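The values are calculated or read from the model by the stated rules, or taken from the named source; none is laboratory data. Here the structure is a predicted model, which means the values were calculated and not measured. Don't worry about glycine lacking a Cβ; one is built from the backbone with ideal geometry, like all the others, and counts go over all protein chains shown.
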Amino acid sequence: MIIGTGVDIIEIGRIRTAVTTWGGRFLERVLNPGEIAYAQSHAVPYPHYAGRFAAKEAVYKALGRRDMTWKDMTVINDHDGKPVCHVKGLPEGYVVHLSISHSKFYAVASAVIETEE
């Protein structure tokens, strides 16, 4: 059964501006160390920061929970490269399906939350 869906799109330039303005403070507030390391492993990290940001927003919208922080979610890639979101305090039996994409100027993410029934 589907619990909720969420989608988010962000301009990569907005993330680039936040990173260049606030640097580590911004990144450490929004992303977990593994997410930062993943983005920094690319020659141009900004699309990857933006993708993780959009993914967290999409999951937040899909869950509809107001008690979550940025750090309660971690977006990683599995061994096949598929994005996976781990959510602290996610009810037993909930599954997060996530998709992330980016172009030159935008990053977008879509999340579907369902139960395993």
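Of note:
- Flag if Ala37 is part of a helix (DSSP H, G or I) and touching a residue at least 40 places away in the same chain (Cβ under 8 Å): no
- All positions within the stretch 11-41 that are among the β-branched types (Val, Ile, Thr), out of contact with any Phe, Trp or Tyr (no Cβ under 6 Å at 6 or more places or on another chain) and under 27 Å from Ile113 (Cα atoms): Ile36
- Qualifying residues in the stretch 43-64 (those that are in contact (Cβ under 8 Å) with a residue 40 or more places away in the chain and of a type in the set (A, V, I, L, M, F, W, C)) - the one farthest from Glu11 (Cα to Cα): Leu63
- The listed residue being on the phi < 0 side of the Ramachandran plot, within 12 Å of the chain's Cα centre (by Cα), surrounded by 14 or more Cβ atoms within 10 Å (Cβ to Cβ) and of a type outside the set (A, V, I, L, M, F, W, C), out of Tyr46, Tyr60: Tyr60
Rundown of residues vs (1) in a strand (DSSP E or B); (2) touching a Phe, Trp or Tyr at 6+ places or on another chain (Cβ under 7 Å), yes/no style:
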{"residue": "Thr5", "(1), (2)": "yes, no"}
{"residue": "Ala43", "(1), (2)": "no, no"}
{"residue": "Ala62", "(1), (2)": "no, no"}
{"residue": "Glu92", "(1), (2)": "no, no"}
{"residue": "Ser101", "(1), (2)": "yes, no"}
{"residue": "Ile113", "(1), (2)": "yes, yes"}
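- Residues of the stretch 69-81 classified as outside any strand (DSSP E or B) and touching a residue at least 12 places away in the same chain (Cβ under 8 Å), total: 3
- Gly81 falls short on exactly one of the conditions (1) modelled with pLDDT under 95; (2) surrounded by 22 or more Cβ atoms within 10 Å (Cβ to Cβ), and that condition is (2).
- Any hit, the stretch 21-42, residues being of a type in the set (Val, Ile, Thr) and in contact with a helix residue (DSSP H, G or I) (Cβ under 6 Å, 6 or more places away or on another chain): yes
- Residue selection: Thr74 satisfies the criterion of being in contact with a Gly (Cβ under 9 Å, 6 or more places away or on another chain) and within 21 Å of Leu27 (Cα to Cα).
- Test: residue in the stretch 5-13 that is surrounded by 17 or more Cβ atoms within 10 Å (Cβ to Cβ), more than 13 Å from Ala111 (Cβ to Cβ), without any contact (Cβ under 8 Å) to a residue 60 or more places away in the chain and more than 11 Å from the chain's Cα centre (by Cα): no
- Residues satisfying the stated conditions in the stretch 7-37, i.e. aromatic (Phe, Trp, Tyr) and more than 27 Å from Gly64 (Cα to Cα): Trp22
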